[in-house]
Amino acid sequence: MTAATILPNSLRSLPDERGHFGQFGGRYVAETLMPLILDLEREYRAAKQDPAFKAEFDGLMTHYVGRPSPLYYAERLTAYYRAKAPAGMGAKIYFKREELNHTGAHKINNCIGQILLAIRMGKTRIIAETGAGQHGVATATVCARFGLPCTIFMGAKDIERQQPNVFRMKLLGAEVRPVTSGSQSLKDAMNEALRDWVATVHDTFYIIGTAAGPHPYPELVRDFQSVIGTETREQILKAEGRLPDLLIAAVGGGSNAIGLFHPFLDDTDVAMIGTEAAGHGIDTDKHAASLTGGKPGILHGNKTYLLQDEDGQITEAHSISAGLDYPGIGPEHSWLHESGRVEYLPVTDREALDAFQLCSLQEGIIPALESAHALAALETKAQQLREDQIIVVNVSGRGDKDIYTVASAMGATI
Amino acid sequence: MTLNRLPSAFARAAEEGRAALVTFVTGGDPSPADTDAVLDALVEGGADVIELGMPFTDPIADGPAIQAANLRALDAGISTAGIFGIASAFRKRHPHVPLVLMGYANPMTIRGADWFAEECKSAGVDGVICVDIPPEEDDQLGPALRKAEVSLIRLATPTTDAARLPAVLEGASGFLYYVSVAGITGLQQAAQDSIDAAVAKLKAATDLPVVVGFGVRTPEQAAAIGSVAHGVVVGSAIVELVGKHGTQAAGPVRDYVASLRAALNAKEKAA
């Protein structure tokens, strides 16, 4: 919820009135949903102008989510990379601690915003899709908090690999509906949520978990998540008296990354890296790097980079991280990629697992596998920057949910 | 001449005092080679307009029957070139029966809208229904289809209100497809009262034929809708027959379509 003045040539002025970020974004939905999408946009514009809405959002952020999340100087990790770097090299590394939020990830920021919109619109039932289960847990949490019934669509494959989150959602009163079509992961969960929504538009609000989907979702999710970057900006100015040199965040759909990046887009001295899940490697057919290995197309309501074949059939994504296991990406990232403002790097399962263990050992912080993809970029980037330079990594979630996956990858039994 | 197949099919049905029968099957189901026989069965059963579904991996507007058909067709190796091959062959066998492609934006636009529209034209496709390109995103496909003189068939739904309807009709041609239920294909059917009221409003707003679909299964339902609309679409029920009978589907499909057509004809006698 940033209301700062935006210059006409700003990188922060998009989307346009049709919901486009350059050629990306838009509203590619069935006619049944169009009137509701237009309603949502009107309601969102009104809410943005309403001081009461902002006050309620901010109050919940402080007292329910536990914001602001700390900006933490990762001293031992900094020293670790400096020891490997040439003299004078090895940037100072900070973590934005989104994993300390209530429910353990950045997802809650967006869910608070969207459930307030749902209530404002008089909707009485909530649906959501989830991959890793973090968004499902965050949605189930706000539904419990506001007393609304909620159905979470989750791929059957993801249900199997994210059992702790499935149980958490059930404890919070949500119905978890397994999706057995297609690849049985996030993409298919989103298909099924859209199929539910088209039949229930009269009373149901769809809380989309990432900065993707039809306009205005990419914009409003970004705005709710921009609290991450806005806080980071204030915190780093206070700690260091200057802006960071590099921001790093993992990108699946891209909500934690756009939330960190967006308030800095016009600061041309701040470089940005989004890490995509490269699975077994982008030269294999088992990855989820839609910018590096895909091309523009239309899916789930927006035009964006997608993993697809030459006929436009969507191909299955793979990542060890269920939250990144998606063949698309938010449309604003596609635009930031094509405009060159943000660099997107592929990170493999192996690299993410190494970073997961390193962060746990060096900092006593077990990161989510999603966030481990961001941390993995430090392996090359930390030593390319000087000691007086600053990197902020978004630790978007905590890794408790991933211990079974990681144990299995390490050959350990729990 | 290609422009005339849809209007003349509706005109012919109207002359006979009945609604047109519009039938849908998924292209490439049960296999690319077996689709020709299924399409012929539709024509032999008395369909006036054929909708050929272009399979997509993520058919978000479709219920279980057509989802499964999409995956069967893709698993059996259907491609976009294969769909146009089926369309071209159909056009040679049936020079006068209108053929409409129905599907999703990504397969239709991946090689560029102009490429797609030209392929439609040269294959003898009369119209295109794209489920997930609403009027707001018309420039992704509409201009190319209009340039190639291929009809762009738009969808109206129970949520399309009077304020929005003119935008839906702008640039539409061929016919107007009224999706009678807010939902996905093949599940519940709308109450006849609500269909009557909606069709009356749509007829007042456009000169295009108004065709009603989603959830229509029985000859009785088809006849009831046919008494108010210019056409009736039946899809999932046929697709289920193809799913059940596979390579032997032509006979059951022909018989079922004939029963729908007989119900629409009976309305003519009653009138």
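The values are calculated or read from the model by the stated rules, or taken from the named source; none is laboratory data. Only a predicted model underlies this, so the values are computations on that prediction, with no experimental measurement involved. As a convention, Cβ positions derive from the backbone with ideal geometry for all residues, glycine included, and neighbour counts pool all protein chains shown. The protein model used for the area step is the full one, side chains on, heavy atoms only, and it has no ligands, DNA or RNA in it. Shrake-Rupley method; radii C 1.70, N 1.55, O 1.52, S 1.80 Å.
Across segment A:282-309, which residue is nearest to the other protein chains (Cβ to nearest Cβ) among those that are out of contact with any strand residue (DSSP E or B) (no Cβ under 6 Å at 6 or more places or on another chain) and open to solvent by less than 20 Å² (accessible area, probe 1.4 Å)?
Per the stated criteria, the residue is A:H300.
Can you tell me which of (1) open to solvent by 10 Å² or more (accessible area, probe 1.4 Å); (2) away from chain B (no Cβ under 11 Å); (3) outside any loop (DSSP other than H, G, I, E, B) is the one A:F205 doesn't meet?
For A:F205, the exception is condition (1).
Quick check on A:E240: is it modelled with pLDDT of 95 or more, open to solvent by 40 Å² or more (accessible area, probe 1.4 Å) and of a type outside the set (A, V, I, L, M, F, W, C)?
Here the answer is yes, as A:E240 does meet what is asked.
Please verify whether A:D188 is within 28 Å of B:A68 (Cα to Cα), outside any loop (DSSP other than H, G, I, E, B), without any contact (Cβ under 8 Å) to a residue 40 or more places away in the chain and not hydroxyl-bearing (S, T, Y), treating the condition exactly as stated.
Criteria met by A:D188.
Picking from A:G259, A:G253, which residue would you name as being surrounded by 20 or more Cβ atoms within 10 Å (Cβ to Cβ), closer than 16 Å to A:S371 by Cβ and modelled with pLDDT under 95?
When all the criteria are applied, what remains is A:G253.
Quick one: what pairs do we get from segment A:386-414, first residue open to solvent by 70 Å² or more (accessible area, probe 1.4 Å), second acidic (D, E), C-beta under 8 Å, 6+ apart or different chains?
From segment A:386-414, the pairs are A:R398/A:E99.
Take A:L11 and decide whether it is away from chain B (no Cβ under 14 Å) and in contact with a Ser or Thr (Cβ under 8 Å, 6 or more places away or on another chain).
yes
Being charged (D, E, K, R), surrounded by 15 or more Cβ atoms within 10 Å (Cβ to Cβ) and either touching a helix residue (DSSP H, G or I) at 6+ places or on another chain (Cβ under 6 Å) or facing chain A (nearest Cβ under 9 Å) (or both) is the filter here, so list the residues in segment B:146-194 that pass it.
Within segment B:146-194, B:R154, B:R164 qualify.
Please return the ranges of strands (runs of 3 or more DSSP E) entirely within segment A:54-131 where 3 or more residues are open to solvent by less than 60 Å² (accessible area, probe 1.4 Å) and among the hydrophobic types (A, V, I, L, M, F, W, C).
Qualifying strands (runs of 3 or more DSSP E): A:125-130.
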